[in-house]
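Computed from the coordinates by the stated procedures, all read-outs in this text should not be read as laboratory data. It should be emphasised that the depicted structure is a prediction, and the values quoted were computed from it without experimental measurement. Glycine also receives a Cβ, built like all others from the backbone with ideal geometry; neighbour counts cover every protein chain displayed.
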Amino acid sequence: MRTHILVIEDEERILEFIARGLKFEGYQVDTALDGHRGLEIARESMPDLIILDWMLPGMDGLDVCQRLRAASDVPILMLTAKDAVADRVEGLDAGADDYLVKPFDFDELLARIRALLRRAHPQSPEILMFADLRLDTGTHQAFRGELAIELTAKEYELLELFLLNPRQVLTREVIFDRVWGYDFGGESNIIEVYVRYLRQKTESEGQPRLIHTVRGVGYVLRETE
């Protein structure tokens, strides 16, 4: 069964952009241009995840979110042009699980969807692998070849994020959100610090670098060219 996503968005251009991209990624997609229709679709067949615009005609996204949350624990990702902290808090308090400000990068939207789906449907422990790097999600043990790597909690979360998205450039915004939530501002150098920690530990015996900097964007886990 394909993962079913409902997109509730009144701007047709944005709605088509999201729906087309999600279908290309293999998701089953339903769409609605207003909150009333979105609720009808959800009640007929509750999706696995809902992408919900805040500013909707008739019934706004906050109201839709509260009604959905009263009936289900379906993951809800709210889209909005409102970027103030107070607005973000209001959206989360209404029952949204995550919050993405317009305009947004589609890769970031996909990363947030994957994270919400993982949270909603936890997987059994598994071994994540890339090149000679391994991470046991059950024991939180990491290895580079046969060399064991000791990780702090945040180092583990960051390494897991890279291993779940190999060869995909992760923006600083995505990393902040997935690993640190909303605890740090965009000017913090916390990501650089922890990437340096991971590099020191995964390259301690001269192994080729796997975590690479993409200048002006973020980081990517890939083989050294």
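Which whole-number percentage describes the relative contact order of the chain, with Cα contacts under 8 Å and a sequence gap of 6 or more?
That works out to 12 percent.
Around Gly58, with a cut-off of 12 angstrom between Cβ atoms, what is the net charge of the other residues, counting Lys and Arg +1 and Asp and Glu -1?
Taking every other residue near Gly58 into account, the sum is -3.
Would you calculate a helix-derived [θ] at 222 nm for the chain, using -39,500 (n - 2.57) for each DSSP H run of n ≥ 4 and dividing by the full residue count, to the nearest 500?
Using -39500 (n - 2.57) per qualifying helix, the result is -11500 deg cm²/dmol.
Among 207-216, 47-56, what's the highest-first ranking by average C-beta atoms within 10 angstrom per residue?
47-56, 207-216
Given an 8 Å cut-off on Cα distances and at least 6 residues of separation, report the relative contact order of the stretch 4-120 as a percent.
Relative contact order for the stretch 4-120 comes out at 22 percent.
Under a straight-distance cross-link criterion of Cα-Cα below 22 Å, which lysines are reachable from Lys82, leaving out those fewer than 8 residues away in the same chain?
Filter leaves Lys102.
Would you mind ranking Met129, Met46 so that the residue whose beta carbon has the fewest other beta carbons within 10 Å leads the list?
Ordered by Cβ neighbours within 10 Å, fewest first: Met129, Met46.
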